[in-house]
Amino acid sequence: MGRRNRNKILIPEARQALDQLKAKVAGTANPEQAKFEVAQEIGIPLKEGYNGKLTSEEAGKVGGQLGGNMVKELVKMAQENLTKKQS
């Protein structure tokens, strides 16, 4: 039984900001290239098109790295925002 992707943006207007964040943490200008940039950094042979030869572990490393860095950046932004409000 396949896993359904339940990651749904609750506020569709946030899509552009999330894409910008993804590009920022990957170190690229184009959010579509973010996963390829991360894959290259960690040595995963991800390419455009069919990637059926990648293992689940390899694919998870790319997504996990990218998602984890996005969460870290969001936490950092929230902490900075709280610090500014307290000043």
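The values are calculated or read from the model by the stated rules, or taken from the named source; none is laboratory data. Owing to the predicted nature of the structure, the values given are computational and were not obtained by experimental measurement. Glycine also receives a Cβ, built like all others from the backbone with ideal geometry; neighbour counts cover every protein chain displayed.
Of all helices (runs of 4 or more DSSP H) completely enclosed by the chain, which ones contain at least 2 residues that are surrounded by 12 or more Cβ atoms within 10 Å (Cβ to Cβ), of a type in the set (Asp, Glu) and on the phi < 0 side of the Ramachandran plot? Break it down stepwise before answering.
Values: elements: 15-26, 34-42, 56-86.
So the answer is 34-42, 56-86.
Has the range 26-38 got any residue that is free of Cβ contacts under 8 Å to residues at least 24 places away in the same chain and touching a Ser or Thr at 6+ places or on another chain (Cβ under 8 Å)? Lay out the reasoning, then the answer.
Initially, the range 26-38 is screened for residues free of Cβ contacts under 8 Å to residues at least 24 places away in the same chain, giving 27-33, 36-37.
Checking which are touching a Ser or Thr at 6+ places or on another chain (Cβ under 8 Å) leaves us with 37.
Within the range 26-38, one or more residues are free of Cβ contacts under 8 Å to residues at least 24 places away in the same chain and touching a Ser or Thr at 6+ places or on another chain (Cβ under 8 Å).
Close contacts from the range 58-87, counting a first residue that is farther than 14 Å from Lys24 by Cβ and without any contact (Cβ under 8 Å) to a residue 60 or more places away in the chain and a second that is of a type in the set (Ser, Thr, Tyr) and surrounded by 10 or more Cβ atoms within 10 Å (Cβ to Cβ), with Cβ to Cβ under 8 Å and a gap of 6+ residues or different chains, come to none at all. Inside the range 1-21, residues that are of a type in the set (Gly, Ala, Ser) and modelled with pLDDT of 80 or more make up a count of 2.
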